[in-house]
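A.B. asks: One structure is given below, represented as structure tokens, and several questions about it will come after.
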Amino acid sequence: MRILIASVLIFLVSVSALAHHSRTYFELDHQIEVKGTVTQVKWRNPHVRYVLERVNEKGVTETWSMDGQTPGGYEQEGWLESSLVVGDVVTFRVYPNSKNTQRSPNKQSGLLNAATRSDGSTLPPKSEGELAVATESPTEEFGRSGSKDFSGNWSYTLILDEIKLLGSEPPQAWPLTERGQAQLDNFNIDADPIFECIEAGAPRMINYLYDRKWIRFEDRIEIISEATPADQNRVIWLDGRARPADLKVSSTGFSTGHFDQGGALVVRTDGFPAVRWGLETGIDSSEQKTLVERYRLTNGSFTGGMRMIFSFTVTDPIYLRRPVTVYGVYDLTDDREYAEFKCDPESASAHLEFN
């Protein structure tokens with residue numbers, strides 16, 4: 001248990017950085033250190049980007065572009081825009097770009113994990129408190145009473161090996177129609193809509209690695225995601241209302257929910273437009289897409305706190321021969337405010353220059 005939790009903490013930065021990137025661009029089986037001088041800082045969503053220049057062991061000047069996580073994610077860890085500025089000498093610990101995507105030996109990229117400044121201080125800042133949760137019993141931080149109405153701040157739970165595979169390629173075992181199979185056969189990760197700041201909506205947002213905040217009201221539940229702009233916030237209506245005839249469709253759809261006899265929340269969503277990659281990585285969705293979700297609260301997360309077990313079943317006869325069900329887990333985390341998410345297309349797509 002101690003090893004597992006400590007490992008999760010060590011990889012917090014990597015997890016967030018991986019969330020908006022295809023893992024196919026980077027060699028994730030090892031990390032390297034790159035030391036040089038910062039020449040550019042882009043503190044933007046969906047991820048922070050640093051450009052660094054260094055002279056390698058052969059005396060050749062190299063330009064490295066380092067992509068990290070969201071500004072809000074870094075700020076929660078104490079890593080601020082002012083922490084590294086142009087002119088600083090820094091050592092980045094990164095997953096390097098794959099040799100298969102490297103266009104020039106003098107121009108390279110990396111997926112950023114951590115940094116050490118010239119004075120020896122690290123980003124994110126190290127503290128003894130980080131390892132205080134590596135115990136087998138609940139701590140003050142995670143041993144809270146939990147949520148009784150699904151409200152709270154929830155984090156999608158995956159092990160690192162699962163995270164590395166997430167979003168790298170389309171689902172190979174899904175029962176695709178001929179139209180869906182054609183998309184799989186012609187898959188190109190560079191066409192991911194997120195590189196244009198276009199969100200895929202539900203159900204893909206359910207599996208985003210960034211945190212989401214559930215807020216319970218008498219007639220609804222609102223879900224705010226750290227990973228998406230405000231127009232992607234979800235509302236689950238609990239008052240039995242029907243879908244409005246004049247509903248303005250969006251990629252999040254129109255959701256209604258009820259609680260079954262066991263206390264699980266059952267959510268039904270429709271009212272979708274056609275969405276590029278709206279089913280999964282590389283697979284579009286149509287106006288006929290429907291979604292059924294089920295959420296159940298339970299204790300027993302590795303932190304000693306509360307857990308939400310969920311599943312969703314997506315149906316779309318244009319791209320799927322039969323419905324597909326996906327399962328997952330959220331863990332209750334510290335309540336916090338999210339930084340405003342404004343996606344910058346230049347920052348989102350900058351890494352494509354290496355492909």
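Yes/no per residue for (1) of a type outside the set (Ser, Thr, Tyr); (2) touching a Lys or Arg at 6+ places or on another chain (Cβ under 9 Å); (3) not assigned by TED's automatic domain parsing to the domain that holds Gln108:
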| site | (1), (2), (3) |
| --- | --- |
| Val249 | yes, no, yes |
| Thr269 | no, yes, yes |
| Tyr295 | no, no, yes |
| Leu352 | yes, no, yes |
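A.B. asks: Would you say Leu176 is surrounded by 20 or more Cβ atoms within 10 Å (Cβ to Cβ) and not assigned by TED's automatic domain parsing to the domain that holds Asn45? Working first, answer last.
C.D. replies: Working: surrounded by 20 or more Cβ atoms within 10 Å (Cβ to Cβ): yes; not assigned by TED's automatic domain parsing to the domain that holds Asn45: yes.
So Leu176 fits the description; yes.
A.B. asks: Say we look at region 271-316 and pick out the residues that are in a strand (DSSP E or B) and hydroxyl-bearing (Ser, Thr, Tyr); which of these is modelled with the lowest pLDDT?
C.D. replies: Ranking the candidates gives Thr298 first.
A.B. asks: Continuing with the same structure: Here are Glu33, Glu57: which of them is in the same structural domain as Ala115 (by TED's automatic domain parsing) and either among the polar types (S, T, N, Q) or more than 15 Å from Val90 (Cβ to Cβ) (or both)?
C.D. replies: Answer to the check: Glu57.
A.B. asks: For region 60-80, give me each residue that is surrounded by 13 or more Cβ atoms within 10 Å (Cβ to Cβ), of a type outside the set (Ser, Thr, Tyr) and more than 20 Å from the chain's Cα centre (by Cα).
C.D. replies: Glu62, Trp64
A.B. asks: Additional query: Could you list, ordered by first residue, the pairs with Cβ atoms under 8 Å in which the first is in region 332-349 and assigned to a helix (DSSP H, G or I) and the second is surrounded by fewer than 16 Cβ atoms within 10 Å (Cβ to Cβ), at least 6 apart or interchain?
C.D. replies: Partner pairs satisfying both residue conditions: Pro345/Glu196; Ala348/Glu196; Ser349/Glu196.
A.B. asks: Among (1) surrounded by fewer than 15 Cβ atoms within 10 Å (Cβ to Cβ); (2) over 22 Å from Pro317 (Cβ atoms), there is one condition Arg216 misses while meeting the rest; what is its number?
C.D. replies: Condition (1) is where Arg216 drops out.
A.B. asks: How do the strands (runs of 3 or more DSSP E) wholly within region 162-260 filter down when requiring 1 or more residues that are small (Gly, Ala, Ser) and within 22 Å of Gly68 (Cβ to Cβ): which remain?
C.D. replies: Passing ranges, in order: 220-225.
A.B. asks: Just to verify a result, which residue in region 219-241, among those that are surrounded by fewer than 17 Cβ atoms within 10 Å (Cβ to Cβ) and more than 20 Å from Val266 (Cβ to Cβ), is modelled with the highest pLDDT?
C.D. replies: So, considering only residues that are surrounded by fewer than 17 Cβ atoms within 10 Å (Cβ to Cβ) and more than 20 Å from Val266 (Cβ to Cβ), the one modelled with the highest pLDDT is Asn233.
A.B. asks: For the subset of region 3-48 comprising residues that are surrounded by 19 or more Cβ atoms within 10 Å (Cβ to Cβ), part of a strand (DSSP E or B) and among the hydrophobic types (A, V, I, L, M, F, W, C), which member is modelled with the lowest pLDDT?
C.D. replies: Checking each candidate, the answer is Phe26.
A.B. asks: Give me a count of the residues in region 242-276 that are surrounded by 14 or more Cβ atoms within 10 Å (Cβ to Cβ) and among the aromatic types (Phe, Trp, Tyr).
C.D. replies: Final tally of qualifying residues: 2.
A.B. asks: Here are the criteria: (1) modelled with pLDDT of 80 or more; (2) surrounded by fewer than 16 Cβ atoms within 10 Å (Cβ to Cβ); (3) under 19 Å from the mean Cα position of the chain (by Cα); (4) of a type in the set (A, V, I, L, M). Tell me which single one Ala339 does not satisfy.
C.D. replies: The single condition Ala339 does not satisfy is (1).
The values are calculated or read from the model by the stated rules, or taken from the named source; none is laboratory data. Keep in mind that this is a model prediction, so the values were computed, not measured. Glycine gets a Cβ as well: all are built from the backbone with ideal geometry, and neighbour counts include every protein chain shown.
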